[in-house]
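Here is the structure we will look at.
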Amino acid sequence: MEIESPKAATGPILLIQANFFDCGGFAIAIFFSHKLADASTVGIFLKGWSATALGHGDKVVPVFNAASEFPPREFSTQRPAVVLEKAKPVVKRFVFDGSKMAMLKSKAASLSVPQPTRVEAVFAVIWRSIIAAWKSNSGVSKHSVLAQSVNIRKLIDPPLEENCTGNLVGYLAAKTEKESETEVRNLVAQIRKSKKEFAENQVKRFRDKNAFEMLCEYFKEAGDMIRRDDINFLITTSLCNLGLYETDFGLGKPLWVTIPTGSSKNIVALIDTSGGGGGGIEAWVCLSEEDMAVFERDPELLGFATPNPSVLDPVKWRSAL
């Protein structure tokens, strides 16, 4: 099924396809409806499936009580939706190797954020380079907004169980208004500030009876910002730290886990690099053709990231098979 197909909204909530190769390896593709599952739920599902395949199904037990915490609501199709521009983007992969992560985090550190996470650091350097590309092509410096999905399981009070399934995400927005704010350390500070504000002001509202209305307000605000000509809007998500490389269906752990990309520009998705244990991050970046042409040549970006390197170490590949 195509990711942007109308059937994705009305068809099956879960699709799995297995492809077996003559070399003895195989690939598994999974499609989950976002109405039912967020990235954490996909991770829970895969770890539970893996544990069951190995005869340890009791080690990872999904929890299905989210509906009792957040009772279902009638969702009106008349409510405003975030409509992204349907323009075929250029999609490219950039790998931030674990060996360079300490250097990147050092560059991203500041008095306000002395110890940035690797995800914050990677998002910041990518955001900086995209802002530079936008300015180079448009000739003007606009306000920029980075929207990021957030797992709310541990943030709300009381927290939900770690293996609680559902589409349990909130959304934060980091903003820049001055050109001086576009240095990597300043962008990290803006991302961390937005997280703090989200935790202090928004998370408590998820326990409120009007939580649904709050989310609708967010989507309306996001839609309004996307349509504004004086703001550049970047949508981001991270699938790092979900343990996807620990899944084993009885034939070994995966050599590579990746994610699909959509049909809209100005989207960045992060996932752990091959093996999952080296601390590296793989970034999938979707931009317009003209913005990508500038972005992929940015010296600061290329100081930390390698454009589309080989996915697998040949020695590791042979030993795994």
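FYI, it's all coordinate maths here, none of it is from the lab. Since we're looking at a predicted model, the values are computed, not measured. In this analysis, Cβ positions are derived from the backbone assuming ideal geometry, glycine residues included, and neighbour counts consider all displayed protein chains.
Sites listed here are chymotrypsin sites (Phe, Trp or Tyr not before Pro) in the range 32-70 whose DSSP assignment is loop and whose Cβ has at most 15 other Cβ atoms within 10 Å: Phe64.
Let me check I've understood the local charge: for Glu162, count other residues with C-beta under 12 angstrom from its C-beta, Lys and Arg +1, Asp and Glu -1. What total comes out? Net charge in that neighbourhood comes out at +2. Residue ranges 222-233, 121-132 sort as 121-132, 222-233 when ordered by packing (mean number of other C-beta atoms within 10 Å per residue, highest first). For the range 184-273, what is the relative contact order in percent, using Cα pairs closer than 8 Å and at least 6 residues apart in sequence? RCO, the range 184-273: 24 percent.
Along the Cα→Cβ direction, 7 angstrom out, place labels at Arg93 and Glu69. What is the inter-label distance in nm? The answer from the label model is 3.4 nm. Along its first, second and third principal axes, ordered by size, the range 7-320 spans 57, 53, 40 Å in Cα coordinates.
By how many nm would the segment from Cys23 to Phe249 lengthen if fully extended, with 0.36 nm per residue of separation less the alpha-carbon distance?
Value of the extension gain: 79.6 nm.
The charge dipole of the chain, taken about its Cα centre with unit charges on the Cβ of Lys, Arg, Asp and Glu (plus for the first two, minus for the last two), comes to roughly 300 debye. Look at the dipole of the chain built from charges on Cβ: of Phe198, His143, Met225, the Cα furthest out on the positive end belongs to Phe198. Would you work out which of Ile267, Leu215, Gly55 lies farthest towards the positive end of the dipole of the range 7-320? Charges go on Cβ: Lys and Arg +1, Asp and Glu -1. Result: Leu215. Derived scalar couplings between HN and Hα for the range 234-250 equal 10, 9, 10, 8, 10, 10, 6, 6, 9, x, 5, 7, 8, 5, 8, 9, x Hz in order, rounded to whole Hz, by the Karplus curve 6.51 cos²θ - 1.76 cosθ + 1.60 (θ = phi - 60°), x for Gly and Pro. Contact order for the range 7-320, expressed relative to its length and based on alpha carbon pairs under 8 Å spaced 6+ residues apart, stands at 27 percent. Here the label points at Glu177 and His143, each 7 Å from Cα along the C-beta direction, are separated by 0.7 nm in the simple model.
Determine the gain in length on full extension of the stretch Ile259-Ile13; use 0.36 nm per residue of separation and subtract their C-alpha separation, reporting nm with one decimal. All intermediate terms of the calculation are to be shown ahead of the outcome.
Working: separation 246, 0.36 × 246 = 88.56 nm, distance 1.74 nm.
That works out to 86.8 nm of additional length.
Equivalent-ellipsoid semi-axes for the range 171-315 (Cα gyration tensor, √(5λ), whole Å, largest first): 30, 23, 15. Looking at Pro114, Leu168, Pro299, which one has the Cα that reaches farthest to the positive end of the dipole of the range 7-320 (charges on Cβ: Lys, Arg +1; Asp, Glu -1)? Among Pro114, Leu168, Pro299, the one farthest towards the positive end of the dipole of the range 7-320 is Pro114.
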